[in-house]
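Derivation of every value follows stated rules applied to the coordinates shown; laboratory data play no part. Nothing here was measured: the structure is a model prediction, and the numbers come from that model. Ideal geometry is used to build each Cβ from the backbone, glycine not excepted, and the neighbour counts take in all protein chains shown.
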Amino acid sequence: MSGWRGVTSSDWRTYAAIAAIALAIGIVNALSGAQDAAWRGDSYDIGRRLFWEMSSIIVILALVPILTLSLRRMRRATRLAARVGIAAAALLGFSALHIAGMVGLRKFMLWLAGSAYDFHFSLASVLYEFRKDAVTALLIGGLRSG
């Protein structure tokens, strides 16, 4: 191992790849959402859609180390039950922290701008975010373990 606190140059390259992919997906999602809205007769408003996407991506990128640590623990675990438990805890923690961080960031940024944000907290909203977080965690985990 080399680098700061055991972080290798390979870790930084992987993190940079994750960041680049996340940013590309966010931009495509924002452009697609804006175009879909325009086709429905709503406002294109790319700035608002980029804000939603980037606020989520910022939090996801801040949480990548949690997924990395979880993968390292999973590799050291010898029993399948332990690996499944670590994966489940990591996924639930990642999703909970992503949702809380994303909502908090949006509320704060919009408060600074003199506006407000309402997540519309409900089981449906949490499940909507959780299923996206599950795919995100699996993709990041696959890239990190590859």
Subject >> Residues TRP39, TRP12 arranged by fewest to most Cβ contacts within 10 Å >> reply: TRP39, TRP12
Original post:
To the nearest Å, what is the center-to-center distance of the range 43-80 and the range 129-144, using C-alpha atoms only?
Top reply: 8
Original post:
What list do you get for PHE108, PHE51, PHE119, PHE94 if you sort them by fewest beta carbons within 10 Å?
Top reply: PHE108, PHE119, PHE51, PHE94
**OP:** Can you tell me the relative contact order of the range 4-145? Whole percent, Cα pairs under 8 Å, sequence separation 6 or more.
**Re:** 24
**OP:** Could you go through the range 129-140 in sequence order and give the Karplus-derived ³J(HN,Hα) for each residue, using 6.51 cos²θ - 1.76 cosθ + 1.60 with θ = phi - 60°, rounded to whole Hz, and x for Gly and Pro?
**Re:** 5, 4, 5, 5, 5, 4, 5, 4, 4, 5, 5, 5
Original post:
When the convex hull of the C-alpha atoms of the range 27-146 is computed, what volume per residue in Å³ does it have?
Top reply: 116
Original post:
Loop-only check: which trypsin sites (Lys or Arg not before Pro) in the range 52-144 are DSSP coil with at most 13 other Cβ within 10 angstrom?
Top reply: ARG79
Original post:
Going by how many other Cβ atoms sit within 10 Å of their own, how do HIS98, HIS120 line up, fewest first?
Top reply: HIS120, HIS98
Original post:
Say R0 is 41 Å: what FRET efficiency, to the nearest 0.05, do ARG73 and VAL126 get from their beta-carbon distance?
Top reply: 0.95
Subject >> CD proxy at 222 nm, helix term only [per DSSP H run n ≥ 4: -39500 (n - 2.57); per residue of the chain; nearest 500] >> reply: -29000 deg cm²/dmol
